[in-house]
Amino acid sequence: MSASALPAALQEDAQLVIDVISEKESVKLDYSPESVRWLDSYIDRHRGELNASDKSLLQEKFGAYLGESMRHNYGGRWTRDGGEWTIAFDEQHQAAPFALIAEHLDHHTALAQTFASLPKLSLQSQN
């Protein structure tokens with residue numbers, strides 16, 4: 001994601017993922033935990049076919065979708081942290097959706113599991 005991107009552009013990228021995936025796959029993404037699990041398995045199925053350029057593009061688009069999924073389910077807001085877009089739940093708790101996607105693309109981290117653990121952060125931010 002470019003340094004000049006705004007949260008509105010991130011939301012547009014997330015919507016683009018919904019539009020493209022809906023057209024190409026038989027699934028309707030809706031920012032739900034089920035959609036994140038589907039995205040997790042989609043990456044697993046296609047990881048071996050992806051080159052560096054594909055991974056970079058997917059990191060940008062899927063990162064925006066993951067961030068919007070975080071916001072829709074757990075609250076928070078887009079913020080810049082050291083040049084990277086993150087979802088901040090409060091001043092001390094944040095998640096890095098682009099880094100999570102990159103890690104999953106390269107090393108099969110537990111994306112859906114990490115997403116499911118985020119309510120702990122959002123609950124902490126409410127205390």
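The values are calculated or read from the model by the stated rules, or taken from the named source; none is laboratory data. No experiment lies behind these values; they were computed from the predicted model shown. Reconstructed Cβ throughout: ideal geometry from the backbone, glycine too, with neighbour counts over all protein chains shown. Each accessible area value is taken on the protein alone, full model and side chains, heavy atoms only, with ligands, DNA and RNA left out. Shrake-Rupley method; radii C 1.70, N 1.55, O 1.52, S 1.80 Å.
Structural remarks
- Within the accessible area of segment 43-127 (1.4 Å probe), percent carbon and sulfur: 46
- For segment 25-127, the set of GluC sites (Glu not before Pro) satisfying both a DSSP loop assignment and a count of at most 16 other C-beta atoms within 10 Å is given as Glu25, Glu91.
- Pair Arg45, Asp81: separation of 7 Å Cα→Cβ label points (nm): 3.2
- Correct choice for percent of Cα pairs over 25 Å apart that was computed from the model, options (1) 21; (2) 18; (3) 26: (2)
- The chain - charge dipole about Cα centre, Lys and Arg +1 at Cβ, Asp and Glu -1, debye rounded to 20: 180
- Å² of accessible area per residue within the chain, as computed with a 1.4 Å probe and no ligands counted: 54
- Selected from Ala112, His46, Ala99, residue furthest toward positive end of dipole (the chain; charges at beta carbon): Ala112
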